[in-house]
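Everything on this sheet refers to the single structure shown next.
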Number of protein chains: 2
Amino acid sequence: MHRSQRTIFFISDGTGITAEMLGHSLLTQFEDIEFSQVVIPFVDSLAKAEECVARIEAARANSGTRPVVFTTLVDDRIREAVRRADALVLDFFDTFLAPLEAEFKAGSTHTAGRSHSVADSSGYQHRIEAINFTLAHDDGLGNTELKSADVVLLGVSRSGKTPTCLYLAMQFGIKAANCPLTPEDFERGKLPDAVESHIPRLYGLSITPERLARIRNERRPDSRYASLENCRYEVDQAERLMRRYGVKWVNSTTRSIEEIAAQILQDVKLVRRVF
Amino acid sequence: MHRSQRTIFFISDGTGITAEMLGHSLLTQFEDIEFSQVVIPFVDSLAKAEECVARIEAARANSGTRPVVFTTLVDDRIREAVRRADALVLDFFDTFLAPLEAEFKAGSTHTAGRSHSVADSSGYQHRIEAINFTLAHDDGLGNTELKSADVVLLGVSRSGKTPTCLYLAMQFGIKAANCPLTPEDFERGKLPDAVESHIPRLYGLSITPERLARIRNERRPDSRYASLENCRYEVDQAERLMRRYGVKWVNSTTRSIEEIAAQILQDVKLVRRVF
């Protein structure tokens, strides 16, 4: 059967990130439609709005179906210009600002592109500091400063520690360090010395041995390191070790980076530096 | 004058990231109100919805003002349960799913927490690969593989290359390498050898000398490296060099990581691997 096809536009006076995220969260609810997606950021003039309309009309002519347009446009005139396109236009500010203004009994500033600007520069500084901290404390490096970490992630090699740490730093300004659990630790039957005094801030990442073996095989094909047998051993030992020390962990196998990060935030009760 | 105060809840059956981002982009429009924010992710049962209601009611009693609740709840019963709280409840799915269903003449799956799950695992792989690539090619390391980079960022030390690269990788699955421009390059009057053969994929980050000096002073106080005079020299030379080779750049001084990344995406016409 032919899947139906639609062109989706995300149009914003800022980065377009909010429009995109809103659109994606809605579109994932429609499984039988194939979407081709166009992001147009920085639409901050009537001329640019007209260009958008031309592109929407071209997509309509080309595909024979009406495009869907998600917009976050604060300026009324620009929004009205885009709305003239023959498309389903869903504007996010239009829909939600009015009830908020009524609730707060306050006018909004109607300032474009504020949500990902550096208006909040202390948030910006926290993110950069946290990213630098995370890079300096990746894979157990620089353990002497672990005491200033908000959280220290534990897990076997390739369990997803680094991307998770970077996401926590980037998104929430959280100083996330990480430390691998290795066969040497399993032989000693103890957590690495560097992290032993930081138990309340430790959090584990686990993974199914099958997925771990697949990931490791991409890196070192047919090695003992990547063998299913070794992966089973390491995962089992790592979970035993964490259980013994009362370290909570999450299984990363079927979770996205965002889901893992949200779970850690909730379980460790981390205070975010960036909202 | 006393600023007015409101408690804001972000309630989701998934990570809460979409609810938060949408909420923030709206709240930045209200400058005179102080918001205290509570994120409650993974609300996937009626019992958890009731807990949310209790917390909302407590915040209401505590602050004397009605809380505002942003939700992305797919399950009708859970959403209705949260809606019973005495608060302004704004639900994104509720508002936008109906017009989309009408447009697509299709029912939606009403599946919770899809937008940040690993349903799209090829996107997940692209992100992890891009993050690993970016870490391996940070600060000019591993130049031999630069030809597989989607983009190579140039700029003086501390101009923001690393966070921008990591964001491009994390958010869009783009393989972003970076290479510093140093006083040695300025003396030679040439781009570093490693990047000279990659001109179409180069993109620059510049910054005002004043801000650069501030950032460098945090790292190495009162050094020649951090002096305003030296920062002026380096920024001027870097911009001359980029101009000579026809390398586009963006000034990062007043822009957030998101804004810089969106600008690069647009200027270099990068093809995203993750939507």
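Bear in mind these aren't lab numbers, they're just calculated from the coordinates by the rules spelled out. Everything numeric here is computed off the predicted structure, so don't read it as measured data. So basically every Cβ, Gly included, is an ideal-geometry build from the backbone, and we count neighbours across all protein chains shown.
If the label for residue B:267 sits 7 angstrom from Cα along the Cα-to-Cβ line, what are its distances to the same label in every other copy, in nm to one decimal, shortest first?
Those separations, rounded to one decimal, come out as 4.1 nm.
For the stretch A:121-268, just the Cα atoms, rotate onto the principal axes and tell me the three extents in Å, largest first.
49, 30, 25
Over chain B, what relative contact order in percent results from Cα pairs under 8 Å that are six or more residues apart?
Over chain B, the number comes to 15 percent.
Check each of the trypsin sites (Lys or Arg not before Pro) in the stretch B:178-253 and keep only those in coil by DSSP with at most 11 other C-beta atoms within 10 angstrom; list them in order.
B:224
Let me confirm one metric for peptide A:42-55, namely the mean number of other chain beta-carbon atoms within 10 Å of its residues' beta-carbons.
Mean shielding by partner chains, rounded to a whole number: 0.
Angle, helix B:257-268 long axis vs. longest principal axis of chain B, Cα atoms, 0 to 90°, nearest 10?
60 degrees
Could you tell me how many degrees, from 0 to 90 and to the nearest 10, lie between the Cα long axis of helix B:161-172 and the main elongation axis, the longest principal axis, of the Cα atoms of chain B?
Compared with the principal axis, the helix lies near 40 degrees.
About the Cα centre of the stretch B:4-104, how large is the charge dipole given +1 on each Lys and Arg Cβ and -1 on each Asp and Glu Cβ? Please answer in debye to the nearest 20.
On the way: 9 positive and 17 negative charges, 70 e Å.
That gives the stretch B:4-104 a dipole magnitude of about 340 debye.
Let me check against my output: what whole-number percent is the relative contact order of the stretch B:121-268, with C-alpha pairs under 8 Å and at least 6 apart?
About 25 percent, as a whole number.
What does the average come to when, for each residue of peptide A:29-38, you count the partner chain Cβ atoms lying within 10 Å of its Cβ?
4
Which of B:128, B:257, B:215 moves most in a GNM of chain B, Cα contacts under 10 Å?
The residue with the greatest mean-square fluctuation here is B:215.
Starting from the alpha-carbon convex hull of the stretch B:190-247, give the projected area averaged over all orientations, in nm².
It is 4.3 nm².
If we count every other residue with Cβ under 12 angstrom of residue B:166's Cβ, Lys/Arg +1 and Asp/Glu -1, where does the sum land?
Overall, the nearby charge balance is +2.
Mind checking B:258-265 for the average number of partner chain beta-carbons within 10 Å of each residue's beta-carbon?
Per residue, the average neighbour count from other chains is 5.
What is the Cα coordinate range of chain B on the first, second and third principal axes, sorted by size from largest, in whole angstrom?
Over chain B, Cα extents along the principal axes are 69, 51, 29 Å.
Using a 10 angstrom cutoff on alpha carbons, build the Gaussian network for chain A and name the most mobile of A:102, A:169, A:81.
Looking only at A:102, A:169, A:81, the largest GNM fluctuation is found for A:102.
Just to confirm the number: angle between the C-alpha axis of helix A:92-104 and the first principal axis of chain A, 0 to 90 degrees, nearest 10?
Result, in degrees: 80.
Residues with beta-carbon under 15 Å from that of residue A:195, excluding residue A:195: net charge, scoring Lys, Arg +1 and Asp, Glu -1?
With Lys, Arg at +1 and Asp, Glu at -1, the net is 0.
Counting Lys and Arg as +1 and Asp and Glu as -1, what is the net charge of the other residues whose Cβ lies under 13 Å from the Cβ of residue A:78?
Counting the neighbours of residue A:78, the net charge comes to -4.
Cut-off 10 angstrom, C-alpha nodes, Gaussian network model of chain B. Which of B:172, B:133, B:104 fluctuates the most?
Judging by the Gaussian network model, the answer is B:104.
Can you tell me the alpha carbon radius of gyration of the stretch A:4-104 divided by the globular rule-of-thumb value 2.2 N^0.38 Å?
Ratio of Rg to 2.2 N^0.38 Å for the stretch A:4-104: 1.06.
Please compute one quarter of the surface area of the Cα convex hull for the protein assembly as shown and express it in square nanometres.
Averaged projected area of the protein assembly as shown's Cα convex hull equals 28.5 nm².
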